[in-house]
Structures are given as structure tokens and as C-alpha cells.
Amino acid sequence: MGTRVAVIYYSATGNVHALADALAKGAASRGAEVRLRRVPELAPDSAIDANPAWRAHVDATKNEVPEATLEDLEWATAYAFGTPTRFGNVASQLKQFIDLTGGQWQAGVFHNKPATSFTSAMNRHGGQESTLLSLNNVFYHWGCVIVPPGYTDPLLFNAGGNPYGTSWPSGGGETPDEATLEAARYQGRHLADIAGRLVAG
């Protein structure tokens, strides 16, 4: 069995999407088969239309990135989950998807599979680390092997040095810079490497 990575995320204005895409490319560069999947949007059109960047991202990805399914979780041998921060926690759109996984959890689908997390927030201290820790709490319950980037490569310091997972403070709406995208690609490579070792047994 080869390494199969499911990169599952929610993104409103596109920052988490950019990180997810970079992480997926990093995993693929290690020979992993990768599925890049977005969870369904739950916000009403009135909220989305009030933010032009949100509307633009929804329209740009609705036919380009498939929606995540529970089958994607069963297919994968490794997981990467991404979310914007919502008051220092996981966005409701991703949480809704996670809350549907009870059957897979009971069946042991997630046992011993490596998992990693990534995020974005407006402010540098806007809750990135607590959001990643919240996602990791799910991985504990699932019985996953948590794979943080740690301080395992000097390039991570160029992206802010977050050992929990790649994170991006968007500030005034800036998209992730190259140092952060490279950190996300590294995180994907790191996840794929660990997954490959576990698959090889």
C-alpha cells in the first residue's frame, strides 16, 4: 500500500486554501497520492456577499476543488487538516465535517494514521496556536500519530517558527508569502515521509 494523503480544509477568503495547496504539493513531491478537498460552506449567501474576497474565493473553488467526503478519510493513510481561526478555535464548517466521523472513529479507521494541522488568522496573535491544538485534540481522540513540523528544518524559522503547524497572519488581507508556502510544502513532505515509514512497517 502506498502513501495516500487527504488534505482537508475550510477556507473563506483563500489563505487556508493556499496553504492546503502548498502542503498537498509537498506531499505529492514525496510520491504520495494526494486528495485536496474542501469541506462544504455553511455560511449564508448574505454573509458571503458582504465580503468580496469571500465571495470571490467561493466562486473560484466551487468547481475546482471537490468537496470532502467520509470516503476520503477511509481512503487516506495520512491526514492534513486546515482551518482559519474562529475565536481561537476551529471554524464551524470544518467542525461540522469532523462531527460526522463518529462511525469511522468507532470502526478504528483513524488508528495509528499520521495527522497534521495548519491555520490562518488575521492577527499574529489571533489564536493560531490554540486553533492547531484544538485540531490536534481531535487527532488524540481518533488515535492518530500527530506529526507537527516542530523545529526540524531552518526554513521554518523564516515562516515565523510555529512548531505546531504552518500558520499565516493575513493582516490587511495579504496572501501567504513564499516563506510560509515553503513551510507548508515542507509540512506536506514531512507528513508524507512519516506516513511512508509507518506504511512500510
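The values are calculated or read from the model by the stated rules, or taken from the named source; none is laboratory data. If you're wondering where the values come from, they're calculated on a predicted model, not measured in any experiment. In this analysis, Cβ positions are derived from the backbone assuming ideal geometry, glycine residues included, and neighbour counts consider all displayed protein chains. Note: areas computed on protein heavy atoms with side chains; ligands, DNA, RNA excluded. Shrake-Rupley method; radii C 1.70, N 1.55, O 1.52, S 1.80 Å.
The one condition from (1) open to solvent by 30 Å² or more (accessible area, probe 1.4 Å); (2) closer than 30 Å to ALA53 by Cβ; (3) touching a residue at least 40 places away in the same chain (Cβ under 8 Å) that LEU133 does not meet is (3). Within the range 57-84, the only residue that satisfies the criterion of being touching a residue at least 40 places away in the same chain (Cβ under 8 Å), farther than 11 Å from SER11 by Cβ and open to solvent by 20 Å² or more (accessible area, probe 1.4 Å) is TRP75. Out of contact with any strand residue (DSSP E or B) (no Cβ under 9 Å at 6 or more places or on another chain) and closer than 29 Å to ALA179 by Cβ: is that true of HIS17 in this structure? In short, no. For beta carbons closer than 8 Å, sequence separation of 6+ or different chains, a first residue in the range 86-111 that is within 23 Å of ALA195 (Cβ to Cβ) and a second that is surrounded by fewer than 16 Cβ atoms within 10 Å (Cβ to Cβ) and among the acidic types (Asp, Glu), the qualifying pairs are GLN104/GLU74; VAL109/GLU74.
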